[in-house]
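Let me begin by presenting the structure, written as structure tokens, before commenting on it.
Every number in this text was worked out from the coordinates using simple rules, so none of it is lab data. Bear in mind that the values here come from a model prediction, so they are computed numbers and not experimental data. Every residue, glycine among them, receives a Cβ derived from its backbone with ideal geometry; neighbour counts consider all protein chains shown.
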């Protein structure tokens with residue numbers, strides 16, 4: 001048995017290697033992340049729920065949004081029916097998009113909870129992409145969306161605290 005076979009998964013990760021694969025029928029090893037990482041995971045979950053609820057709330061109040069846009073529109077080629085159809089479809093797309101983003105957040109938050117450094121990096125980029133899409137493509141937001149973004153920012157900060165730096169080891173140049 002050589003030196004590499006005697007290393008634990010944590011030691012292998014700190015050297016830049018991957019943990020041993022879990023074979024079919026085997027129990028996956030129990031992961032105990034540092035407290036800030038565990039709290040971060042639950043903040044990603046809570047933020048995802050709040051984000052979806054925010055878009056559900058926007059969808060339920062679409063008539064108020066449509067009325068506001070109809071009042072602001074001065075171009076006669078945009079009839080109230082065209083505006084209503086556009087707003088309705090945009091709100092459904094935003095709800096569907098938020099569900100997709102939340103599923104991605106949960107996947108990578110779960111992987112970050114296991115100590116995967118690349119998952120933490122993806123969780124840094126995904127909210128930025130989400131915000132760009134919200135503000136550029138569909139700038140219809142409400143207070144729940146802002147609360148969700150705040151929860152995501154707090155969750156992200158927790159993943160970068162100095163106390164958890166060792167939990168996300170840098171990959172070695174020579175694995």
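Exposure proxy ranking for 67, 75, based on other Cβ atoms within 10 angstrom of each Cβ and starting from the fewest, stands as 75, 67. By the beta-carbon count within 10 Å of each Cβ, the least crowded to most crowded order of 152, 96, fewest first, is 96, 152.
Full extension of the segment from residue 104 to residue 118, taken as 0.36 nm per residue of separation minus the current Cα-Cα distance, would add 3.7 nm. If the chain linking residue 63 and residue 165 were pulled fully straight, counting 0.36 nm for each residue of separation and taking away their Cα-Cα distance, it would gain 31.9 nm. What shape does the stretch 68-111 have by the C-alpha gyration tensor, where a ≥ b ≥ c are the square roots of the eigenvalues, rounded means a/c under 1.5, and otherwise prolate means a/b greater than b/c and oblate the rest? Prolate shape, in that a/c is at least 1.5 and a/b is the bigger ratio. Centroid-to-centroid, using Cα positions, the stretch 23-40 and the stretch 71-110 are 36 Å apart. For the stretch 14-116, taking the reciprocal of the average inverse distance between every pair of different Cα atoms yields a Kirkwood hydrodynamic radius of 17.2 Å. Volume per residue for the stretch 49-175 equals 121 cubic angstrom (convex hull of Cα atoms).
Counting pairs of alpha carbon atoms under 8 Å apart in space and at least six apart in sequence, what relative contact order in percent does the stretch 36-161 give?
50
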